[in-house]
Each structure stands twice: as structure tokens, then as C-alpha cells.
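The structure appears right after this line, and notes come after that.
Every number here is computed from the coordinates shown, using simple stated rules; none is lab data. Quantities reported herein were computed from a predicted structural model and do not represent experimental measurements. A quick note on method: Cβ atoms are made from the backbone with ideal geometry, for glycine too, and the neighbour counts reach across all protein chains shown.
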Amino acid sequence: MGHLPDVDVLFFQPAIGKQYGIISLGFLSLSAYLRKHGYDSRIIVLADRDTEDLVAKKMQQFRPRVACISLHWYIHCYEAVKIADAVKKANSEVKVVAGGHTSTYFNGQIFEFTPSIDMIIKGDGEKPLLDYMATQDPEKTENASYMKDGTFVSKPITYRQMTLENLSAANENMNEMVDEWDRYLKTVRVRTSAPISSEKKVEEIETKPSEFYLYVGKGCSYNCCFCGTSKTGSTRIFARGISIFRPLEDVVKDAKNLKDNGVESLFLDFGPFTAESYFHKLFDKLAELDVDITFLPWNLPSNELISKVGESFRNFEIQISPDSGSESLRARLCQKGYHKMFYPNANLVKSVEKIAEVGSSRGAQLFLWFICGLPFETEKDYQETVELSVSMKKRFPQLFKSPQDQLNCVPLRLTPGAPIDLFPEKFGMRRLRSTFKDYYEYCKELKTDKIEHPLGLEREDLSEAEIIKRAVDFKDAVVNA
Ligand code: SF4
């Protein structure tokens, strides 16, 4: 068998079995950016494969100079270290670079924990990775953290993207970007799930076949208390507390490339804006592609935008996250500056009516996302979430083909860098994890059914078990309604 050409960089996307193995948008953007500058790369997805075996095989096949590991989501702490070890085992000369939200947050602790990672790029990675490819020298790499003669060095974050011009997150031939592209596209994986050490699943959402992310923008100017990429979290981590859209024409070009490579359903999870004009223009342009969409607007979409979704796509799914069914709890969190835009439940119901009007005849679907155990949530607030969800199921059965999957109330979980992690006492919370090692141990436990602290937090007045019980009772109430 002939040897394939060597590539400069292998990007390893961690997964946990079938779960959480979705390629991060950062990897797509980095891979395209390097390609523009003459460096070849492949993204390797480790979903549902033996990590050590696959890393060894791909290292041999592609013979990279640098291996990059996504440590964006904290859920990958254990697997990311395992991948780094496997790369070094395959070839100790290859440099291992990690990046993303979690590795930025814990950068110093990670070097204490493992010798297998040579450098962490903090915050935005495009230019720093290019610096590194040219020099292989962390001292000449912006935003870098590394060890030098046994001492930890953390350079300040001097590179941050304030626009997203001239980036892309797709390629004319996706096989040149993602290894085993067809397999990736056709395999259904679990997108999100909430392990709670119980027989019951309170959340387990699968990807659709031939579905792929559309990269529309990054950052968020809201400050939800539970979110690591909130304004507070991303100001600390990416030195950028604002959100930015990509230019429309770049996004449309990506979408066309994706469609040409077999994508039939776009997944669009972005929208920290009250102004919807960007989406009106984008959807007009995407209409000619004749694809489906899963759209997660972060605010409540207006009737006009819902109609536009209906006109522009073959079929659609909308996912809305009110977070609580209790208006008064949402208002309280908003007043404190720890939630996104407030809207009353009556407006939510009107939007759902519009979605039904536009989409019912063609089987359009709706997901609603709630969280139990939020700071200050009372038993009454929680009951309001249950009642709202049950009434939605009864009133709009056509929008919820699988109500137990589409009406979700997940238990609050700790995310590094979220306001509740940084200032737990402000929210009456207690953290049950704080160090990188704590997260590593938790992720290792995910492979077993003995998870000591599934949520990583509790409230001063509500134990971890009681928060989980709310999630389990919610699911029962929805299923039995
Ligand atoms: S809207 Fe809230 S949950 Fe969504 S990214 Fe922004 S801060 Fe996070």
C-alpha cells in the first residue's frame, strides 16, 4: 500500500465512547486557517474508537510534526491527557499542543499534571498556531503557556480576534479536512447527555445523520450564571467579553461547501443578539441550498424570524432555552445581571404557536431546555417549569414527536469559569470540584457507573442528590402527562 503524504498537523477531537465526539468549531477554523497558509492537516475524531489504537494508527499514517488536542469542553479532561500520552508513545519527537476553554482556564495545573503536553495556546488559536508552525518555539508564539527548564511560563494573551474576516470552517473537499469524513457524517453520535449515576437518562440527544455545524460567530455578551463562555467567563479566558458574527458571504460559502460534501442538515447554535437582521439575510441566502436546519437562537425568535426559517429551509427544528419556566426566577436572575434577555412566558407561548403554524404541516420539531437547581430556584419555581412543559406537550403534540427527548430539564452542573464557579457564595452554591485533577477524575469516572459528584456542585439549601431528583421527577412528569 502506498504511503499517504505526511501532514503538518493532526488535530485530535476527543470523545467519550459515542458521546461528545462532535468536532469543535475551533478545530475547523484552525485547520482551514493553516491550510490557507500552506500547512496541511487532518482532524481525527475519536468517537466510538479505542483511543490508543486509533492515535497510534493515525500517527503512523499521517506522520505529523505537531499534534493538537481540543481541550475546550471540560468533559474531555481525561481523554485529552490520554491522547497526549498516546501521541508521545507513538513518537516522542512530535510536539503536543492543547487549546480551548478548559485548557486555557487550567493551563498551569495541566503542566503539573502531565509531561505529555508541550504547549497550551490560550484563547484564540489561529495566529499563535501559525507562529508555532513556523518556529516550533513557544517563546515566539503568542498566547502560549509552556514549561521552560522546569519553570511554568505563561505569556499574556496578546492575540485576540475582534473580527472574524477571512476565516472559514469548511473546505471544498471535506476529506482533506476531516479524516474519514463520510464515516463522520453518517454516524449518529450523542451530542449531549447528562450523566447522573442513575438508571434514568435525563438527557441524551443524538446528532442527525448528515448534519454538520455551521460556524456563524463566537463569543457571548450575555452573562448566564452557569455558563463558562458567558461574558464573565470569556473575558477571563479569551480576553474578549463580546460576541462577533462572521461575514455573511463567508458563512454562505461554507454552507455551500458543506452541501457539496453531502451535508443535508445545518446545525446553527449562535445568536447572542436582539437584532435579527443578520439571520434574515443569512437565511435568504441559504434558501437556495435546499437543506434542513436545526436552529438554536439564544433569545426568543420573533414571529418574522420563525416565518423566515419556514420559508428558507426544507424542514426545521428550533431549540429554545428559557432555562426556567418561572418568570419570576428568570426576572430575578436578569436583574442581577446573570441571565440573558428577559421575556414573559406569554411571549414564549406565542412563539411556539407561530412555530406550530409555520411548521406543523411538514413535521417541524421543537426542543425546550430548562435547568433545575438554578440559584434561588424554589420548589414553586421548579413546579412552574414542570407545568409549563407538560402544558406544551399537551397543547402542541405535533411539535414534540419524542417529548421525553425534546422537553428537557437538566440538573445544573459546574462549568469552569462560569460565574457560579468563580463566585459560588454570591449564588448560595458550594463547589464540589475546583482543580484540573478534580475534573480529570470526574471524567475518568464517566466510563464507569460510579460517579461521585455528577454535578460538581450543590446549593447551600439543596443537595446534589436533591437537584438530580428534580431532573428525574421532571422526566417522569413529562413522560406520564
Ligand atoms: S446566552 Fe447565556 S448560556 Fe448562551 S452562551 Fe451566552 S451566556 Fe452562555
* **Inter-probe distance in nm under a simple model that places probes 7 Å from Cα toward Cβ, at S361 and E304** => 2.4
* Tell me which residues come under 5 Å, amide H to amide H, from V410 once H is placed; ignore anything under 5 positions away on its chain. => F370, I371, C372
* To do: Kindly state, to the nearest 0.05, the FRET efficiency for S463 paired with T378, given R0 = 22 Å and r defined as their beta-carbon distance.
  => 0.90
* Structure fact -> Any helix of the chain counts here only if DSSP assigns it H throughout, its Cα atoms span 15 Å or more along the axis, and its mean Kyte-Doolittle hydropathy is at least -1.0, and such helices are 25-36, 51-62, 77-90, 248-260, 345-359, 464-480
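Can you figure out the FRET efficiency of D50 with M147, using R₀ = 30 Å and their beta-carbon distance, to the nearest 0.05?
For R0 = 30 Å, the calculated efficiency reads 0.50.
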* Per DSSP H run of at least 4 residues, take -39500 (n - 2.57); add these up for the chain, divide by its residues and hand me the 222 nm value, nearest 500 deg cm²/dmol. => -11000 deg cm²/dmol
* **Magnitude of the charge dipole, segment 1-122, Cβ model with Lys/Arg +1 and Asp/Glu -1, debye to 20** => 260
* Count the net charge of all other residues whose Cβ sits under 11 Å from the Cβ of K89, scoring Lys and Arg as +1 and Asp and Glu as -1. => 0
* **By average C-beta atoms within 10 angstrom, highest first, the peptides 13-24, 336-347** => 13-24, 336-347
* **Mean shadow area of segment 188-480, taken as a quarter of the surface of its Cα convex hull (nm²)** => 14.9
* Asked: Taking θ as phi - 60°, what are the ³J(HN,Hα) couplings along segment 38-49 by the Karplus curve (6.51, -1.76, 1.60), each to the nearest whole Hz, with x for Gly and Pro?
  -> x, 10, 8, 8, 9, 9, 10, 9, 9, 5, 6, 10
* Considering the zone a paramagnetic label at N345 would reach in this model (a point 7 Å from Cα along the Cα-to-Cβ line), which residues of segment 377-400 have amide N under 13 Å from it? -> 380-393
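Tally Lys/Arg at +1 and Asp/Glu at -1 over every other residue whose Cβ is under 10 Å from the Cβ of L130; what's the total?
Once positives and negatives cancel, what remains is -1.
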* Classify segment 198-335 as rounded, prolate or oblate, taking a ≥ b ≥ c as the square roots of the eigenvalues of its Cα gyration tensor: rounded when a/c is under 1.5, otherwise prolate if a/b is larger than b/c and oblate if not. => prolate
* Structure fact -> Taking N as the number of residues in segment 1-69, the ratio of its alpha carbon radius of gyration to 2.2 N^0.38 Å works out to 1.11
* Asked: For labels at N166 and E452 in the simple 7 Å Cα→Cβ model, what's the distance in nm?
  -> 5.0
* Is the shape of segment 1-160 best called rounded, prolate or oblate, per the rule: a/c under 1.5 gives rounded, else a/b larger than b/c gives prolate, else oblate, with a ≥ b ≥ c the square roots of the Cα gyration tensor eigenvalues? -> rounded
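Where the eigenvalues come from the Cα gyration tensor of segment 298-424, what are the semi-axes √(5λ) of the equivalent ellipsoid, largest first, in whole Å?
Equivalent ellipsoid of segment 298-424: 27, 16, 14 Å, largest first.
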* Asked: What residues have an amide H closer than 5 Å to that of L457, excluding those fewer than 5 places away on the same chain, when H is modeled at 1.01 Å from N in the peptide plane?
  -> L414, L432
* Translational diffusion coefficient, Stokes-Einstein: compute it for segment 96-173 using the Kirkwood radius over C-alpha pairs as Rh, at 20 °C and 1.002 mPa s, and state it as an integer in µm² s⁻¹. => 162
* Asked: What whole number of Å gives the distance from the Cα centroid of segment 333-368 to the Cα centroid of segment 281-321?
  -> 14
* Just add up the charged neighbours of K148: K/R +1, D/E -1, any other residue whose Cβ is under 12 Å from the Cβ of K148. => -3
* Structure fact -> Taking r as the C-beta separation of H37 and R431 and R0 as 51 Å, the FRET efficiency to the nearest 0.05 is 0.80
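Of all DSSP beta bridges located in segment 188-480, what percent are antiparallel, nearest 5?
Working: 9 of 29 bridges.
Antiparallel bridges make up about 30 percent of those DSSP assigns within segment 188-480.
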* Pairwise label distance in nanometres, R314 with K394, each label 7 Å out on the Cα-Cβ vector -> 3.7
* Point-charge dipole on Cβ atoms (K/R +1, D/E -1) for the chain, about Cα centre, debye to 20 -> 360
